[in-house]
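Working notes for the structure below.
What follows is calculated from the coordinates using simple rules that are stated; it is not laboratory data. A quick note: this is a predicted structure, and the numbers were derived from the prediction, not measured. Cβ atoms come from the backbone with ideal geometry, glycine included; neighbour counts cover every protein chain shown.
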Amino acid sequence: SELTGEVEFENVDFGYNPDKIVLHDINMYAKPGQKIAFVGSTGAGKTTITNLINRFYDIQDGKIRYDNINIGKIRKPDLRRSLGIVLQDTHLFTGTVMDNIRYGKLDATDEECIKAAKLANAHDFIKRLPDGYNTVLTGDGSNLSQGQRQLLAIARAAVADPPALILDEATSSIDTRTEAMVSKGMDALMEGRTSFVIAHRLSTVKDADCIMVMEQGRIIERGTHDQLIDMKGRYYQLYTG
Ligand code: DUT
Ligand code: MG
């Protein structure tokens, strides 16, 4: 990809239904390599913003730019593919572990896939599977734990090597040890890439370059953790419970 991972939103309005605007006047700028986090209550618009970064929908008004290219009004599927997404619910297909990782970049060699798995912190569990990288997964991934599926999703994104990433942090049902493995893999994946993180635990956003606090489709506060704490506003309230 030729893109650097620079992303800019300028006065973006959006509604899934044009009659009902759910994002109002969103402005944000991510320098290449920065980590941007979104926090806020349910329905605030966090997932919707990341849907727009991915260019899944047309916007009603404003501009979205990657580097200086306005992608807001035109279809650029090749640009969209250059982003990496690690969703909570990883789509796996019936095939080997290797092929499931390779899905991030179809012409990747085995060596590239293994390197990506190592970066993702997935290599060790894969080596312990009955046939290692040749272990066949069921289509729904039911022969893996949820944490293992997430590690594969990280490996898949790593093999694609995108300039920007969207990470939707998992909420539940993984134990503390697995969670630590997943967050170590995610940290390695984010290194050197612009990352947009939907955080469900405030502890994981503390190191973000900018935290966007959302409420009812607006960014109501933004800044680093320390700046937001000093502001003693909504973030401070969320943080101190
Ligand atoms: N919405 C729709 N259609 C959709 C998805 C969402 O109308 O397909 C609305 C619901 C809500 C607003 O958009 O009023 C923002 O939803 P979003 O999913 O972006 O909220 P969130 O911040 O991601 O909430 P959660 O923390 O529950 O994931
Ligand atoms: Mg959401």
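On a straight-distance basis, which aspartates and glutamates could pair with residue 118 in a cross-link, Cα separation under 15 angstrom, same-chain partners fewer than 8 positions away excluded? Within the straight-line cut-off, residue 118 pairs with 110, 161, 187, 191.
Counting only Cα atoms, the size of the range 94-195 along its three principal axes is 34, 33, 21 Å, in decreasing order. The tail of the calculated P(r) for the range 162-241 beyond 20 Å holds 38 percent of all Cα-Cα pairs. With q set to 0.08, 0.09, 0.17 Å⁻¹, the log10 of I(q)/I(0) for the chain, from the Debye formula over equal scatterers at the Cα positions, is -0.31, -0.40, -1.26.
Using a 10 angstrom cutoff on alpha carbons, build the Gaussian network for the chain and name the most mobile of 100, 11, 143. Of 100, 11, 143, the most mobile in the Gaussian network model is 143.
When the pairs 35/206; 35/232; 184/206; 46/184 are compared against a 18 Å limit on Cα-Cα distance, 35/232; 46/184 fall above it. Take the Cα of residue 20, go 7 Å toward its beta carbon, and the backbone nitrogen atoms of the range 43-71 under 15 Å from that spot belong to 43-45, 48. Amide hydrogen proximity for residue 95: with H placed 1.01 Å from N in the peptide plane, the residues at 5 or more positions away or on another chain lying under 5 Å are 137.
Computed from the C-beta positions of residue 143 and residue 176, the FRET efficiency with R₀ = 22 Å rounds to 0.45. Relative contact order, whole percent, for the chain stands at 27, derived from Cα pairs under 8 Å and 6 or more residues apart. When the range 189-228 is described by a simple charge dipole with +1 on each Lys and Arg Cβ and -1 on each Asp and Glu Cβ, the residue from 225, 198, 208 located farthest towards its positive end is 198. Considering only 104, 56, 236, the residue lying farthest towards the positive end of the dipole of the chain is 236, judged by Cα position with unit charges set on Cβ. Between the range 154-223 and the range 1-75, what is the C-alpha centre distance in whole Å? If we compute the Cα centre of each part, the gap is 17 Å. For helix 176-190, report the angle its Cα long axis makes with the longest principal axis of the Cα atoms of the chain; keep it between 0 and 90° and round to the nearest 10°. Rounded to the nearest ten degrees, it is 70.
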